[in-house]
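Heads up, the thing below is written out as structure tokens.
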Amino acid sequence: MFVWFHKLASPPYFYRLAERIAPWFGWLSLIVMLAGLYGGLWLAPPDYQQGDGFRIMYVHVPSAWMSLFIYVVMAVAAAIGLIWRMKLAHAVSAAAAPLGASFTFLALATGSLWGKPMWGTYWVWDARLTSELVLLFLYLGYLALNHAFEDQRTGDRASAILALVGIVNVPIIHYSVKWWNTLHQGPTVFFGARADIPPSMYIPLFIMIIGFMLYFAAFILKRLQVEVLQRERHTAWVRELVERS
Amino acid sequence: MTPARRRRLIVVAVIVVGVAIAVALGLQAFRKNLLYYFTPAQVAAGNAHVGQSFRMGGLVAMGSVVRTPGSMTVHFTVTDMQKSIPVVYTGILPDLFRQGQGIVVSGTLGKNGVFVADQVLAKHDAKYMPPEVEAAIKKAQMQQRQTASLAKDPP
């Protein structure tokens, strides 16, 4: 196990592994997402209050979930990179940030479109919405800091510290609807049966979340390949790879 | 673990814990300002200032909605089951506005105790269900009430 972990951290080995498994995650995510959308848009019944409008949930909730999940991935990788000086770990953070920023933006945009008809406004400065906006700025700040230095290693270390500092925002976003009065409603728990939502509505949502996770797996592998090539551009194995193709 | 790694691990842990404590203290200090709205009970207790703009959240009291004919003015009462505050609003209401619905109104509290709203936002709960289920629940509640009233005063 430890040997395998060491092997995984070696850029050439990782590059070839990613080349092989990324397409699998990609196609799988497409199938799972199509199944989730079919379940959410056709099979699920309309909501008693919101009618068909609630169906935007099948994009909004997985996006919001991914925005938090990717941040945790990014921060843990940043910590590993800082402590163990693992080259690949910093690359993981750098590859995850643009994906996380995109999902955060998607969560904010779909939430805004959902808010207008249901709440009566596109945006309010309540704790949930504001903390999610801060998350977007943390991602953008990470990206800016990562590219702000001539030397990639300096950029990696500086932005890793920002990623670690920002991790406190993750529980704040999650618990904001419990700690404060917010316009955003409280959580509807999906793991395990609950009376708040029938299975015909939450099963498609669960499938969509899995689909989004697979999508993330496929695209972080592809992005990591690019990161690894860029970071290792002066090494022999990259030259060999380029010459071969 | 080598001493260098151990040292870096401690530095990372100190950064995360330190920032977490700082943020927790900060949020604690601004606790009141982070409330998106006051409840009618808090307003009745004098937590909100008369004449100053603030937000109030609660349920639209059953049977309290009165529309003024020929205008867009609506009178209703917002309640949190402890206190109720009368509200007047002129404008377009959100789709989800109805009796028993959770809403957030923003505006000012007049000296006469009536809240003059300039914005009404609907707050929806974390419940989702098909319309048939809602109809079934309502029907069951109705029947229960009927049997209860029948049991109270038999014909």
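Here, each number is a calculation from the coordinates, and none is a lab measurement. Not measured: the values here are computed from a predicted model. In this analysis, Cβ positions are derived from the backbone assuming ideal geometry, glycine residues included, and neighbour counts consider all displayed protein chains.
Amide H to amide H under 5 Å from B:M129: which residues, 5+ apart in sequence or cross-chain, H placed 1.01 Å off N in plane?
Residues meeting the criterion, in which the H sits 1.01 Å from N, are A:Y48, A:Q49.
Under unit Cβ charges (Lys, Arg +1; Asp, Glu -1), what dipole magnitude, rounded to 20 debye, does segment B:1-108 have relative to its Cα centre?
So the magnitude is around 740 debye.
Using a 10 Å cut-off around each Cβ of peptide A:129-139, what is the average number of partner chain Cβ atoms that fall inside?
Per residue, the average neighbour count from other chains is 0.
Dividing the convex hull volume of the alpha carbon atoms of segment A:21-244 by its residue count, what do you get in Å³ per residue?
139 Å³
Positive end of the dipole of the protein assembly as shown, charges at C-beta (+1 Lys, Arg; -1 Asp, Glu), about the Cα centre: which of A:L17, B:F97, B:I15 has its Cα farthest in that direction?
B:I15
Restricting attention to the alpha-carbon atoms of the protein assembly as shown, what are Rg (one decimal) and Dmax (integer), both in Å?
Rg then Dmax for the protein assembly as shown, in Å: 26.3, 97.
Within 10 Å of each Cβ of A:180-188, how many other protein chain Cβ atoms are there on average?
For this peptide, the per-residue mean of nearby foreign Cβ atoms is 6.
State, in angstrom, two size descriptors of segment A:33-121 derived from its alpha carbons: Rg to one decimal place and Dmax to the nearest whole number.
When restricted to Cα atoms, segment A:33-121 yields Rg and Dmax of 17.3, 54 Å.
Rounded to whole Hz and in sequence order, give me ³J(HN,Hα) for segment A:142-150 from the Karplus expression 6.51 cos²θ - 1.76 cosθ + 1.60, θ = phi - 60°, writing x for Gly and Pro.
Ordered by residue, 3J(HN,Hα) equals 4, 4, 5, 5, 4, 9, 7, 10, 4 Hz.
Which lysines, if any, have their Cα less than 16 Å from the Cα of A:K87, not counting same-chain residues under 8 positions apart?
The reachable lysines, counting only those whose Cα sits under 16 Å from A:K87, are A:K7.
Kindly identify segment A:118-221 as rounded, prolate or oblate by the Cα gyration tensor criterion: order the square roots of the eigenvalues as a ≥ b ≥ c, call it rounded if a/c is under 1.5, otherwise compare a/b with b/c, prolate if a/b is larger, else oblate.
Oblate, because a/c is 1.5 or more while a/b does not exceed b/c.
Take the residue pairs A:K178/B:K127; A:K178/B:K138; A:K178/B:K139 and return only those whose Cα atoms are more than 22 Å apart.
A:K178/B:K138; A:K178/B:K139
I'd like the distance between the alpha-carbon centres of segment A:77-94 and segment B:63-116, rounded to an integer number of Å.
Each part's Cα centre sits 54 Å from the other's.
For peptide A:116-123, what's the mean number of Cβ atoms from other chains within 10 Å of each residue's Cβ?
Mean partner shielding for this stretch: 5.
Is segment A:1-153 best put as rounded, prolate or oblate by its Cα gyration tensor, with a ≥ b ≥ c the root eigenvalues, rounded for a/c under 1.5, and otherwise prolate when a/b is larger than b/c, oblate when not?
It is oblate, given that a/c is not under 1.5 and a/b is not larger than b/c.
Rank-order A:161-174, B:71-84 by packing density, defined as the average count of other C-beta atoms within 10 Å over each peptide's residues, highest first.
So the order, starting with the most tightly packed, is A:161-174, B:71-84.
What is the helix-to-structure angle for A:169-179, meaning the angle in degrees between its Cα long axis and the longest Cα principal axis of chain A, kept from 0 to 90 and rounded to the nearest 10?
Computed tilt is about 10 degrees.
Loop-only GluC sites (Glu not before Pro) in segment A:140-245, please: DSSP not H, G, I, E or B, and at most 11 other Cβ atoms within 10 Å.
Counting only loop positions with at most 11 other Cβ atoms within 10 Å, the GluC sites (Glu not before Pro) in segment A:140-245 are A:E150.
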